[in-house]
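The values are calculated or read from the model by the stated rules, or taken from the named source; none is laboratory data. Please read these numbers as outputs of a predicted model, since none were measured by experiment. Note: ideal-geometry Cβ built from the backbone for every residue, glycine included; neighbour counts use all protein chains shown.
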Amino acid sequence: MSIFDKLFGKKEKVEDGERGAKASVLAVLPEEIYESATLELQDVIAPSALKIEPKSISLGDKIARTFFIISYPKFLSDNWFSPIINLDKVFDVSIYISPIDTSLALRQFQKKVAEVQSQINARQSKGMVRDPMLDTAYQDLEGLRDNLIQAQEKMFDVGIYITIYADNDLELFKVENEIKSILESKLIYIKPALFQQEEGFKSIIPIGTDLININQKLNSEPLSSVFPFISFDLTSDRGILYGINRHNSSLVIFDRFSLENYNSVTFAKSGSGKSYCTKLEILRSLMFDIDVIVIDPEKEYEYLSEAVGGRYFNISLSSDHHINPFDLPMPREDETAEDVLRSNTINLVGLFRLMLGGLTPEEDSIVDRAISETYAIKDITPESDFSNIEPPLLSDFEMVLQGMEGSDSLVQRLVKYTRGTWATFLNRPSNVDINKKFIVFSIRDMEDELKPVAMYIIMHFIWNAIRKNLKKRLLVVDEAWWMMKSEDTASFLYSIAKRGRKYFLGLATITQDAADFMKSPYGVPIVTNSSIQILLKQSPSTIDVLQKTFNLTDEEKYLLLESGVGEGIFFAGLKHVAIKVISSYTEDQIITSDPSQILSIKKAKNDLEEAEAQKKG
């Protein structure tokens, strides 16, 4: 006996006084389960009781009603079923397709063609006016018969059943009218399975049994338009799982390296899950042999780095990790030492402009010349071999600057970086090795005034390392609004967004302050140079800016305002869907930013270490 035979097997007839019709009440008795001392799958999934009525069936607390399609128009447009599939209601759809033998279909067509031809001839013999409907029917039948003979088309019996669910009759009535209005606007008509609700429910559940057996004959072309999975979809055959499509519960699987550029931007208010979403992408990207580098302003990626065996560098005034901005990368095959030296000089001028609070045109010229002379005192010229050089330090640059006319103001502003409070940050040789799959640079402990400088130096260091060899990499810049505060840092970030594709680099820009980000002249260009955009829950103060930037509809605007944690809109190229970020239990334990979860994890870790220590003791 099957699950559903057992489920529907025990019936007791009762009188339905309101409708004057017989209704059936089905119940799965607990005593039977107790007496048999077994609990099978059907006992678990079965509702507590079933009440079958002429036009509906009650499943515990829910009411269900099954419909079937009885009529189609002459032409079915593509995606006509899409509005039903994407309807934000609880319902089930079953589509039964049975092929018809072509020889049998041709014999039926021959009879039908003869009937129509006979009607046309009869009208002509009586001198009646030509009937356009008969002529059209004859042409359609002949055309379809030709296609069947040539095996260009096939015929099918198609039955489409829809079961809707609701908590009460009023809600069921509203859903029924909504579905009817959608379909009838396309000249497609449905009817409830009157006195066949039990058969309808059995036909809709996934056991592949059509008990209603109400079919329409369709050939291949209109049948293809019934294909149900044509809703908003971002599922590809490769890539990583970003989340669940909230339109139709399909998977949002995407590969950023399959687009015209590999960049992304993520906008979300604080606490809406932007870092969680990013860490989930990082964890899954590492599985696909993608190197990931993160600039972390809030020390959120330390545990993730430990979990995957990466390297974590804490950049601060008291840190043991240092980066010398005068470091030079090895020239690539397609560039010369002169190109590298010139590019590094331009970047250093931008750095000093940031460090010294701006430069006048005269000071800009002095700094440019001083950088070249600083390299020269270390015998570094466009003809040098960069594999055997010792790069200068910031103190060497200060010494050169002191000997130049008109540099007094520059030297005074530079002293704090070479001999003052901030000397430990910049005036040291580099001792950072990023030869790992996952690298994190944390700047949480850096003073706010120095954070833009630190981010600029780290980005420049990373950029030089990336250019050495071609490999799939993802650079994540969290809280990117820090870099948008200065034109030089914003410009450098934009240049990476534009040039990263040549080096197989994807730039992931994340920020909670969308308004400040967009105020920068480089904000919108960075967004337009990002093929992937992720918008999570937004605050009312920034939603209007984002609506204008991303051309959001009012419905999408309110969706972002009302989204929960980890919910929003995922844009990829020309497509976008509503998304919900999901993770497994193990992933959640690694990437969570929830303070209570982090404390629990740390406590469990300490308890385990203490237990192991006691065993050894």
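Before moving on, here are some points about what is shown:
- Test: residue in segment 387-402 that is polar (S, T, N, Q), without any contact (Cβ under 8 Å) to a residue 60 or more places away in the chain and crowded, with 18+ Cβ neighbours inside 10 Å: no
- Leading residue by the ranking (surrounded by the most Cβ atoms within 10 Å (Cβ to Cβ)) among those in segment 431-464 that are of a type in the set (A, V, I, L, M, F, W, C) and closer than 21 Å to E390 by Cβ: I457
- Residue in segment 535-550 that is touching a Ser or Thr at 6+ places or on another chain (Cβ under 8 Å), in the same structural domain as S486 (by TED's automatic domain parsing), buried (at least 17 other Cβ atoms within 10 Å of the Cβ) and among the charged types (D, E, K, R) present: yes
- The criterion of at least 2 residues that are surrounded by fewer than 14 Cβ atoms within 10 Å (Cβ to Cβ) is met by the following helices (runs of 4 or more DSSP H) wholly inside segment 101-217: 102-125, 132-149, 169-184.
- Only one entry in A193, A268 is of a type in the set (G, A, S) and not assigned by TED's automatic domain parsing to the domain that holds I162, namely A268.
- Scope segment 383-426; condition in a loop (DSSP other than H, G, I, E, B) and either of a type in the set (G, A, S) or more than 24 Å from R342 (Cβ to Cβ) (or both); matching residues: S384, G403, E405, G406, S407, R419, G420, T421, W422
- Taking (1) modelled with pLDDT of 85 or more; (2) surrounded by 18 or more Cβ atoms within 10 Å (Cβ to Cβ); (3) out of contact with any Ser or Thr (no Cβ under 6 Å at 6 or more places or on another chain) in turn, R428 satisfies each apart from (2).
- Assessment of segment 477-486 against the conditions (within 22 Å of L546 (Cβ to Cβ), modelled with pLDDT of 85 or more and outside any loop (DSSP other than H, G, I, E, B)) yields at least one matching residue.
- Test: residue in segment 107-121 that is modelled with pLDDT under 75 and aromatic (F, W, Y): yes
- Checking Q589, Q597 one by one, the residue that is at pLDDT 80 or above and not hydrophobic (A, V, I, L, M, F, W, C) is Q589 and no other.
- Checking each residue of segment 572-588 against the condition of being touching a helix residue (DSSP H, G or I) at 6+ places or on another chain (Cβ under 7 Å) and farther than 16 Å from F267 by Cβ gives at least one match.
- Candidate set: segment 154-185, residues that are among the charged types (D, E, K, R) and under 30 Å from L104 (Cβ atoms); chosen: the one modelled with the lowest pLDDT: K154
- Taken as a whole, the structure places K89 among residues that are charged (D, E, K, R), within 28 Å of L211 (Cβ to Cβ), in contact with a helix residue (DSSP H, G or I) (Cβ under 9 Å, 6 or more places away or on another chain) and part of a loop (DSSP other than H, G, I, E, B).
- Selected residue [in the same structural domain as F425 (by TED's automatic domain parsing) and either buried (at least 17 other Cβ atoms within 10 Å of the Cβ) or not polar (S, T, N, Q) (or both)] from T374, T360, T336, T381: T374
- Flag for R473 being under 21 Å from S258 (Cβ atoms), basic (K, R) and modelled with pLDDT of 90 or more: yes
- Yes/no for V349 being outside any loop (DSSP other than H, G, I, E, B), closer than 30 Å to D364 by Cβ and either at pLDDT 90 or above or among the basic types (K, R) (or both): yes
- Set P429, P452: member being farther than 16 Å from S305 by Cβ and out of contact with any helix residue (DSSP H, G or I) (no Cβ under 8 Å at 6 or more places or on another chain): P429
- In the condition set (1) loosely packed, with under 15 Cβ neighbours inside 10 Å; (2) at pLDDT 90 or above; (3) closer than 24 Å to V432 by Cα, S365 is compliant with all but (3).
- All positions within segment 522-580 that are more than 15 Å from the chain's Cα centre (by Cα), within 21 Å of A497 (Cβ to Cβ) and either without any contact (Cβ under 8 Å) to a residue 40 or more places away in the chain or in a loop (DSSP other than H, G, I, E, B) (or both): Y522, G523, V524, P525, T528, N529, V545, K548, T549, F550, N551
- Filtered residues of segment 320-333 (kept if within 21 Å of V453 (Cα to Cα) and surrounded by fewer than 16 Cβ atoms within 10 Å (Cβ to Cβ)): D320
- Residue among Y276, Y262, Y242 that is assigned to a loop (DSSP other than H, G, I, E, B), outside the structural domain of W422 (by TED's automatic domain parsing) and of a type in the set (F, W, Y): Y262
- Test: residue in segment 78-91 that is assigned by TED's automatic domain parsing to the domain that holds V158, free of Cβ contacts under 8 Å to residues at least 12 places away in the same chain and either surrounded by 14 or more Cβ atoms within 10 Å (Cβ to Cβ) or of a type in the set (K, R) (or both): no
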